[in-house]
1. Only one residue in Val76, Val71 is aliphatic (A, V, I, L, M), farther than 26 Å from Ser206 by Cβ, at pLDDT 95 or above and under 18 Å from the mean Cα position of the chain (by Cα), so which one is that?
2. Just to be sure I understand, how many residues within region 67-92 are surrounded by fewer than 24 Cβ atoms within 10 Å (Cβ to Cβ), closer than 22 Å to Ala114 by Cα and of a type in the set (Ser, Thr, Tyr)?
3. When the residues of region 183-211 are narrowed to those that are outside any helix (DSSP H, G or I) and buried (at least 16 other Cβ atoms within 10 Å of the Cβ), which ends up farthest from the chain's Cα centre (by Cα)?
4. May I ask you to list the residues in region 162-182 that are assigned to a helix (DSSP H, G or I), within 20 Å of Met119 (Cβ to Cβ) and basic (Lys, Arg)?
5. Could you tell me how many of the residues in region 114-127 are buried (at least 24 other Cβ atoms within 10 Å of the Cβ) and not in a strand (DSSP E or B)?
6. Yes or no: region 173-194 includes at least one residue that is under 19 Å from Pro90 (Cα atoms), modelled with pLDDT of 95 or more and either among the hydrophobic types (A, V, I, L, M, F, W, C) or touching a strand residue (DSSP E or B) at 6+ places or on another chain (Cβ under 6 Å) (or both).
7. Restricting attention to region 225-251, which residues are in a helix (DSSP H, G or I), touching a residue at least 24 places away in the same chain (Cβ under 8 Å) and either basic (Lys, Arg) or surrounded by fewer than 18 Cβ atoms within 10 Å (Cβ to Cβ) (or both)?
8. Please state which of the following conditions Leu288 fails to meet, knowing it meets all the rest: (1) out of contact with any Phe, Trp or Tyr (no Cβ under 9 Å at 6 or more places or on another chain); (2) in a loop (DSSP other than H, G, I, E, B); (3) buried (at least 19 other Cβ atoms within 10 Å of the Cβ).
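The values are calculated or read from the model by the stated rules, or taken from the named source; none is laboratory data. Every value quoted in this text rests on a predicted model; they were computed, and no experiment measured them. Cβ sites come from the backbone with ideal geometry, for glycine too, and all protein chains shown count toward neighbours.
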Amino acid sequence: MGGASGGGPTVTTDLTCGQSRSGWVDADAGFAAIGGATLHYELSGAGPPLVLIHGFSLDHRMWDAQIDALVARCRVLRYDCRGFGRSSLPVEGQPYSHHEDLKALFEHLRIASAIVVGMSLGGGTAIDFALAYPEMTRGLILIDSTLAGFRWSEEFLGPIRACSATARVAGVEAARELWCRHPMFASAQRKPEVMAWLHEIVAGYSGWHWLHADPRQSLAPPAITRLRGLAAPTLAIVGERDITDFHAIARLVEEQVPNARRLVVPGVGHLANMEVPDTCTDAILGFLVECCPP
């Protein structure tokens with residue numbers, strides 16, 4: 001879990017959409033020391049750059065069922081956001097932002113621009129990144145995405161508050177169990193193999209955000225007021241059985257982002273790409289062809 005350290009391999013090649021360079025090893029993995037944090041990342045494949053950002057309590061492993069198909073077509077960067085997986089933890093009172101961490105990671109790896117894919121919290125990060133750095137964003141794919149400034153329902157917030165209270169009273173392990181029973185995971189809860197995968201990843205989450213005041217910052221003014229300024233082509237994917245908040249966000253994106261469309265994935269909930277990875281991979285690769293034609 002957090003607190004990893006060490007320098008990652010130096011990547012000396014600029015990447016732009018539709019370009020790849022010969023002479024690279026098949027996969028690089030390491031740590032990037034940026035902005036007061038240490039981020040764990042994996043970089044593999046060749047082709048148009050594609051970045052994968054995980055959701056809250058998860059890490060880069062949530063893309064495991066898709067990575068082989070994506071790497072066959074793209075240069076794929078997947079990483080652990082600050083506070084998750086093998087990356088370092090935030091520090092109370094020291095402000096940071098996930099989108100600035102991502103920008104610094106782009107610079108560390110000399111990625112000029114990419115299609116950015118974000119799931120849940122990762123989707124909110126992708127939106128903020130695209131607004132702050134449009135020249136670095138060739139396209140956006142948002143999977144059951146959050147959105148800074150959105151007014152969340154009690155259905156969403158209530159279980160999160162309960163997890164924080166449980167972590168403080170009964171411990172992080174009990175809070176992890178409670179988290180996996182969140183209503184947004186209801187569809188996955190009917191699929192033992194998906195729940196086993198979710199539990200495996202969440203078991204590696206430290207629970208830091210349940211126990212501390214997170215100094216994370218989003219863009220100001222918030223993204224919800226700036227959607228019409230998103231220049232990148234955008235695909236908003238949402239699971240049919242996800243809770244209403246995430247459907248509302250996907251509709252906002254479809255209605256307000258100039259070049260956006262919405263895809264509702266039948267029969268799945270918040271973990272759309274973990275429940276039906278092949279369906280989501282097909283959507284990602286189809287979008288890639290539109291943004292970066294051969």
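1. Working: Val76 fails: farther than 26 Å from Ser206 by Cβ.
So the residue among Val76, Val71 that is aliphatic (A, V, I, L, M), farther than 26 Å from Ser206 by Cβ, at pLDDT 95 or above and under 18 Å from the mean Cα position of the chain (by Cα) is Val71.
2. 0
3. Step one: of region 183-211, the residues outside any helix (DSSP H, G or I) are 186-187, 191, 203-207.
Okay, now just the ones that are also buried (at least 16 other Cβ atoms within 10 Å of the Cβ), so 187, 191, 204-207.
Values: Ser187: 20, Lys191: 22, Gly204: 17, Tyr205: 15, Ser206: 18, Gly207: 18 Å.
By that ranking, first place goes to Lys191.
4. Arg176
5. Total satisfying the criteria: 7.
6. no
7. Thr225, Arg228, Gly229, Thr244, Ala248 - these are the residues of region 225-251 that are in a helix (DSSP H, G or I), touching a residue at least 24 places away in the same chain (Cβ under 8 Å) and either basic (Lys, Arg) or surrounded by fewer than 18 Cβ atoms within 10 Å (Cβ to Cβ) (or both).
8. Going through the list (1) out of contact with any Phe, Trp or Tyr (no Cβ under 9 Å at 6 or more places or on another chain); (2) in a loop (DSSP other than H, G, I, E, B); (3) buried (at least 19 other Cβ atoms within 10 Å of the Cβ), Leu288 breaks only (2).
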